[in-house]
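The values are calculated or read from the model by the stated rules, or taken from the named source; none is laboratory data. Just so it is clear, the model here is predicted, and its values are computed rather than measured. Glycine also receives a Cβ, built like all others from the backbone with ideal geometry; neighbour counts cover every protein chain displayed.
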Amino acid sequence: MKNILEIPKEPLEQSHKDIKKWNTNLAFIQYEINFLSKDLLKSCTFTPYTKGLFDTHEELEHKMMTSKTKSNELLALVKHHKNKIAGILECSDAKCDSEYKRRHQEIEEQFEIFELYYQNSKTELMEYAAEILKYKKK
């Protein structure tokens, strides 16, 4: 039985694993964004009751829309990058290989920056929801 935690030996094998991970994470993030922006922020339970909370609500809606747009852009970028793997297999030029690796690293960095932005936005949204619920409990 093959160990699923085994470290890939080939750079393209690692690239393929990274791409699968990015696709999975982005799909889940998009599911969360839909829930958070449509079901949570737009529900009457989370209607802001002060000017400050209204401004926060508007900002959070903007951040969720930005996250949705960026996740769609990243998904398209990852799909395009995945399609380039076939070309790399046919290319024997070291320049071709190094360009693919450089691009892979750029996408990885973009993904990490996006993930951090999204996680921070989600944390802000949860803090906002907690504030609204505390007020409604009174």
Scan segment 121-135 and tell me whether some residue there is modelled with pLDDT under 85, not in a helix (DSSP H, G or I) and not acidic (Asp, Glu). no
Restricting the search to segment 44-61, which residues are under 17 Å from Glu127 (Cβ atoms) and over 22 Å from the mean Cα position of the chain (by Cα)? Thr45, Phe46, Thr47, Pro48, Tyr49, Thr50, Gly52, Leu53, Phe54, Asp55
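Identify all residues within segment 42-79 that are closer than 30 Å to Glu108 by Cβ and either in a loop (DSSP other than H, G, I, E, B) or acidic (Asp, Glu) (or both); write none if there are none. Before you say what the answer is, go through the steps one by one.
The first filter runs over segment 42-79 and keeps only residues closer than 30 Å to Glu108 by Cβ, leaving 59-79.
Residues satisfying the conditions are Glu59, Glu61, Glu73.
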Counting just the residues of segment 80-101 that are assigned to a helix (DSSP H, G or I) and among the acidic types (Asp, Glu), which one comes out nearest to Glu124 (Cα to Cα)? Glu99
